[in-house]
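Everything on this sheet refers to the single structure shown next.
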Amino acid sequence: MISDARVVLACVGLHPERSAALVERFGSADAVVAALGAGRISAPPQLREAASVTAGEWRRRLSAARCTILGSDDSGYPSWLSALPGAPDAIFVKGSVPELPGVAVVGTRTPTAYGLRLAEHFGAALSVAGWPVVSGLARGIDAAAHRGGLYGPTPGAAVLGSGIDLWYPAGNRRLGEDLLDAGGAIVSEYPPGIRPEPWRFPLRNRIISGLAVAVVVVEARSDGGALITARYGLEQGREVLALPGDIDRETSVGCNLLIRDGALPVLGADDLVEALSLLTSAPPPAGGDTDTDPVVRLAGPVGRPLDWMATALGWPISDLLTRVTQLELQGRVRRHADLVVATCVNAEASQGGDQGAP
């Protein structure tokens with residue numbers, strides 16, 4: 001369970017990078033909270049006041065806002081997010097975070113009718129196929145993808161760039177509530193009361209991609225926020241796909257540039273589902289058999305860093321590398337930079353070989 005000091009620090013609402021730097025500098029969240037309250041850290045008065053509120057009172061306020069706080073080491077915190085560098089130490093959640101990694105569908109706030117139609121089709125196809133749709137509840141492509149996801153049976157998640165209690169934009173409140181009613185989640189790294197500010201949105205994009213196995217960009221300008229999500233996705237080892245468009249259409253420039261630089265072009269909803277199945281492996285059906293090898297199970301369809309896996313398994317890194325090589329030859333995992341990614345999590349391990357530690 002997340003400690004009281006980490007609850008307070010998360011509820012102060014500092015810039016995530018500054019919060020992490022302060023913890024490194026002072027040695028612990030407890031020391032940072034004490035220093036903030038004592039005025040030894042430069043911060044606006046409202047932040048120092050927030051640091052003086054007890055963890056018990058913050059928990060009461062969160063309960064009143066109908067949300068929970070999850071630390072990165074809590075069981076409910078998505079493991080495929082916590083394993084990433086720069087993951088939030090804590091997230092605030094309304095509803096239920098999907099049990100499987102989703103697919104991020106993102107794009108411009110000012111799309112064409114073509115982009116809106118495809119985003120909604122993509123959202124519906126993904127949900128029907130079993131992938132939760134992850135996006136930012138923004139106007140335009142994000143909202144269309146969330147609406148599409150509601151047509152299928154798989155609940156998705158919306159990541160806010162504001163406090164967990166603040167619907168932004170306000171016009172999408174009903175959409176967010178429909179997502180919660182369908183069993184999905186609203187996620188933010190910011191506590192109740194934090195207003196949306198421009199600098200918060202690029203940072204929240206790393207959470208959108210971090211909750212996903214792949215990032216799909218539907219329409220984007222060359223300097224749009226959707227390209228920031230795509231860049232985070234690439235850094236996190238996620239697959240990036242993009243919808244091609246007319247070369248002289250402003251909202252297609254970003255997608256066309258992504259495709260030029262190696263993103264997979266998406267030619268329709270069926271094509272998207274097929275591509276994701278080939279690239280990432282489909283989500284395991286409820287109650288279905290899964291690969292019993294501990295390395296495959298731990299890696300999952302999103303992937304985990306080698307060092308992290310060695311620690312989690314309690315194996316020497318040399319033994320883990322040997323087992324990963326064996327599994328690569330069997331086609332059950334693949335390497336992506338420093339990540340190990342499962343390629344057939346639904347297949348029963350019937351290819352022979354030791355199922356335990358090497």
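The values are calculated or read from the model by the stated rules, or taken from the named source; none is laboratory data. What you see is a predicted model, and the numbers here were worked out from it, not measured in a lab. Virtual Cβ from ideal backbone geometry, glycine too; neighbours counted across all protein chains shown. With ligands, DNA and RNA removed, areas are computed over all heavy atoms of the protein, side chains included. Shrake-Rupley method; radii C 1.70, N 1.55, O 1.52, S 1.80 Å.
Quick look at the numbers
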quantity	calculated
Surface accessible to a 1.4 Å probe, per residue, for the residues of the chain, Å²	43 Å²
GNM top mover of GLU239, GLU177, GLU189 - the chain, alpha-carbon springs below 10 Å	GLU177
Percent accessible area from carbon and sulfur atoms, the range 159-226, protein chains only, probe 1.4 Å	48 percent
Cut-off 10 Å between beta-carbons: net charge of the residues surrounding ARG206, Lys and Arg +1, Asp and Glu -1	0
DSSP bridge pairs, the chain: antiparallel proportion in percent, nearest 5	45 percent
Net charge over other residues, Cβ less than 14 angstrom from the Cβ of PRO44 (K, R count +1; D, E count -1)	+1
Surface share of carbon and sulfur [accessible, 1.4 angstrom probe, percent] for the range 98-143	57 percent
Separation of the SER75 and ALA34 label points, Cα + 7 Å toward Cβ, nm	3.2 nm
Portion, in percent, of the accessible area of the range 29-95 that falls on carbon or sulfur, probe 1.4 Å	51 percent
Shape of the range 1-101, Cα gyration tensor, a/c cut at 1.5	oblate
Label of the coordinate-derived value, semi-axes √(5λ) of the Cα gyration tensor in Å, listed as [x] 41, 22, 19; [y] 38, 23, 21; [z] 32, 28, 18	[z]
